[in-house]
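Quick notes on the structure that follows.
The values are calculated or read from the model by the stated rules, or taken from the named source; none is laboratory data. Predicted model only: the values in this text are computed from it and were never measured. Heads up, the Cβs are rebuilt from the backbone with ideal geometry, glycines too, and the neighbour counts pull from every protein chain shown.
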Amino acid sequence: MKTNLNIKNRVAIVGAGLTLFRRRMLDTPKELAWGAVKMALESAGLDIKDVEAVVIGSAPDAFDGVHMKGEYLSDGSGGIGKPTMRVYVGGGTGVFTPIAGWWHVASGLFDVVIAVAEEKMSPAQPHPQYVFKHIWDPIIERPLGLNLIWIFAMEMHRYMYRYNIKKEDVALVSVKNKANALDHPAAQAAGKITVDDVLKSEILVWPVQRLDISPVSDGAAAIVMVSEKIARRLTDSPVWVEGVGWALDSTHWTNRDLSYPKYLEVAARMAYKMANIENPRKEIDVAEVYDPFDYKELHHMEGLMLARKGEAPILTKEGITQRDGDLPINPSGGLLGVGNPIAAAGLMKVAEIFWQLRYEAGKRQVKKPVYTGLAQAWGDLMQVGTVIIMRGG
Amino acid sequence: MFEAASRAYADAGIDDPRKTVDAFVTCEEDFWSGISIFDEFTPDQLGGVYKPVYTITSDGLIGLASAYMKIRTGLFDIVVVEAHSKASEIITLNDIINFAYDPIYNRPLNLNPYFLAGLEATKYLHKIGGSRYHLSLIVEKNKTNALKNPLASYASKITTEDVNKLKPIIEPLNPLDIAQPIDVSIVVVLARSDIAKKFTDRIVWIDGIGWATENPSIENRDWGNAAYARIAANMAYKLADIKNPAREFDMAIVDDKISYKELEHIEALRLTGGKNVLRLLEDGEFNIKGSLPVNPHGGELGVGWALEASGLVAVLEGVYQLRNEAVGRQISAKKIVIQSWRGIPTTTGAVAVLTIDN
């Protein structure tokens, strides 16, 4: 990846906000977005009038059932009368939204930008999974009537087979994340469960079982991103965006090796280069890794080069990825514990790293000192990786 | 997409975009494409596999703004912008547009979605003292201009009398006041200034760009004023150091998805210099040989409505004009303004100032 590192303007995050993550929220999508934006602005000590531009992230329009969802969300996102833009890379959108916020500020055009992500999945009938019937190639794949869980089951199977990973080792991720989420005030699916609970839960598509997978959720998240001069004025503890990276693999998912997310490695290398990180395993202190399924946390740790190929289950088993471990992964509780309103879930991860780096995560604060954190999301046809690296002030 | 991208790369002198291009932007809405998560289907045909590729759910000119910002960061040298329309595959276009209305307050009315345009056109014509005749003048001008544009699908040798004869579908608008859909893909290659100079000596510069959303609520927006275009123009003019827009541009391409919008946008872009926009129209000042040619390519009324590629249709014409390649409709232009609007029911639009060196 050729990158030009002559970046002119530093960008800081100075506030974050989150709604509850729940199924069947009564709030409209606009109200959810505003709830998160209002909290983020208040935490930054800013008012909506201070905001110069708005970046909206939301995944398929079909969830909320609105065409041009960015337009629909623009008032709830604080975008009235402002440059407002919705960005979109499927499930990777949540981490991509602050990446777009980063370039709004880093371009020198704006000093104060809101990045907000919203998803309201539960109105989709008869079940949100039906929205995914329309993500396939309309000629080759859609007529098969595919379900999204089917292809992730294929990927999980391939990953487990390639590295000889046992289901009980994968299940440890679900146990860890749901337990972490017990300390998250917005969490939807927190719980004290055991590996046995996961292994005995309903089989959806083998090897995916009910407790391997994150729930259907509604929710929103927002952060405030500012230029260096504004950051210095507002706070003594800005969190700097030091690296961004993303990459898309080919549409033709059937032609790639599902055991390793190469596209994520490409995205991570872009972000690491920008952040001047040579050894991510040593230099990343805490990470929020995308975990819509338990195996994905492991898969993504390897793609991010936080573990060698096939090593992530071993690190998990040894407790390295626990909050008090050497490499805490998903101290928030992740998508498995906090919930998965798709785009909002990714931005929730960025918010968690923001709070961790400011030592404001309360009971969720990881034990080790933290200076550099990473958040990552994933989406499309098992195809896109989005990565952001942040450092404390 | 592949065909348009291949032509753009050839035009820019890019041999292998997989090595040369740093990022790719595509512009599309899921509901237009009939695919959930449309951006899955973008990287291969652009040369973007394993590259930073993303979609903005907006017009191509806002995609251009997104690419412009990325280059300004210093992280990216060359960024490609793609937008397209495959409107011919949409069986129920008006029903899709209706899904953009507020699902609680507006959509249950189940009206022809152009009711909003009819109401706003009525208010705007009342405000400026215009009439049906003025709308017909715009239709006549743009469809006639389009006769000289080989890319135009709705060119016609038509008169104001022909237009006036048609029955309105939404008072005061008749079918010729509303741009009809086309299929198209347009790809634009952007580069940092020093890099661009290595590729070509016919560089079209983006001197300024701006975009804005006014208010999605149809009950609370500023009707008949195109505030979104005004805000976007202010941003673009500030970047381009435009002090007197009425005098500084050699031509303008403004959104005319619905005929009255051309006048509304001309006013919002402050192109009248305080003169009455209706008199300027009547006097032919917006014709190809007028003092400020507007939509010499035929606008969307003549070329067609390219969905999210509308803004890039304007960019394409701007590039042809500035590079002296607009055969048959060429205007001597060194500095132009282009503007786009996302169509009903939105209040989102963008403005760009494009120039070419002498």
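The residues of the range A:14-50 that are surrounded by 24 or more Cβ atoms within 10 Å (Cβ to Cβ), among the β-branched types (V, I, T) and assigned to a loop (DSSP other than H, G, I, E, B) amount to a single one, A:T19.
Can you say whether B:S291 is surrounded by fewer than 24 Cβ atoms within 10 Å (Cβ to Cβ), over 11 Å from the mean Cα position of the chain (by Cα) and among the hydroxyl-bearing types (S, T, Y), as far as the supplied structure shows? So B:S291 passes the test.
For the range A:360-390, the set of residues classified as touching a residue at least 60 places away in the same chain (Cβ under 8 Å) and surrounded by fewer than 20 Cβ atoms within 10 Å (Cβ to Cβ) consists of A:G362, A:K363, A:K368, A:P369, A:Y371, listed by residue number. Set side by side, the residues A:G65, A:G94, A:G79 differ, and just one is in contact (Cβ under 8 Å) with a residue 60 or more places away in the chain, small (G, A, S) and out of contact with any Asp or Glu (no Cβ under 7 Å at 6 or more places or on another chain), which is A:G94.
The residues of the range B:43-72 that are under 21 Å from B:S6 (Cα atoms) and at the interface with chain A (Cβ under 7 Å from one of its Cβ atoms), listed by number, are B:P43, B:D44, B:G48, B:V49, B:Y50, B:K51, B:P52, B:V53, B:Y54, B:T55.
If you filter the range B:73-125 down to residues that are polar (S, T, N, Q) and free of Cβ contacts under 8 Å to residues at least 12 places away in the same chain, you find that the one that is farthest from B:E3 (Cα to Cα) is B:T73. State whether one or more residues within the range A:32-50 are within 10 Å of chain B (Cβ to nearest Cβ) and either at pLDDT 95 or above or under 27 Å from B:R72 (Cα atoms) (or both). No, every residue in the range A:32-50 fails to be within 10 Å of chain B (Cβ to nearest Cβ) and either at pLDDT 95 or above or under 27 Å from B:R72 (Cα atoms) (or both). Of the residues making up the range A:114-150, those that are touching a residue at least 60 places away in the same chain (Cβ under 8 Å), in contact with a strand residue (DSSP E or B) (Cβ under 9 Å, 6 or more places away or on another chain) and not acidic (D, E) number 9. The set of residues from the range A:90-141 being within 10 Å of another protein chain (Cβ to nearest Cβ), surrounded by fewer than 20 Cβ atoms within 10 Å (Cβ to Cβ) and not in a helix (DSSP H, G or I) comprises A:G108, A:P123, A:D137, A:P138.
Pick from A:A220, A:A231, A:A181: which is within 21 Å of the chain's Cα centre (by Cα), farther than 28 Å from B:F38 by Cα and either surrounded by fewer than 17 Cβ atoms within 10 Å (Cβ to Cβ) or of a type in the set (G, A, S) (or both)? Being within 21 Å of the chain's Cα centre (by Cα), farther than 28 Å from B:F38 by Cα and either surrounded by fewer than 17 Cβ atoms within 10 Å (Cβ to Cβ) or of a type in the set (G, A, S) (or both) holds for just one of A:A220, A:A231, A:A181, which is A:A181. B:Y54 meets each of the listed conditions (1) within 30 Å of B:E219 (Cβ to Cβ); (2) at pLDDT 95 or above apart from (1).
Checking each residue in the range A:82-103 for being in contact with a helix residue (DSSP H, G or I) (Cβ under 6 Å, 6 or more places away or on another chain) and either farther than 16 Å from B:S58 by Cα or among the aromatic types (F, W, Y) (or both) picks out A:Y88, A:G91, A:G94, A:V95, A:P98, A:W103. Given the structure, is B:P108 more than 30 Å from B:M69 (Cβ to Cβ) and either within 14 Å of chain A (Cβ to nearest Cβ) or of a type in the set (S, T, N, Q) (or both)? Answer is yes for this residue.
With a requirement of 1 or more residues that are farther than 27 Å from B:I203 by Cα and among the charged types (D, E, K, R), the helices (runs of 4 or more DSSP H) lying completely within the range B:253-346 that satisfy it span B:259-268, B:277-282. Pairs, please: C-beta under 6 Å, at least 6 apart or cross-chain, first residue under 11 Å from A:I165 (Cα atoms) and in the range A:307-327, second part of a loop (DSSP other than H, G, I, E, B)? Qualifying pairs under 6 Å: A:P313/A:I165. Checked against (1) outside any loop (DSSP other than H, G, I, E, B); (2) within 23 Å of the chain's Cα centre (by Cα); (3) more than 8 Å from every other protein chain (Cβ to nearest Cβ), A:G70 passes all but a single condition, namely (3).
So A:V87 passes all but one of these: (1) facing another protein chain (nearest Cβ under 7 Å); (2) not in a strand (DSSP E or B). Which condition number does it fail? Looking at each condition in turn, A:V87 falls short on (2).
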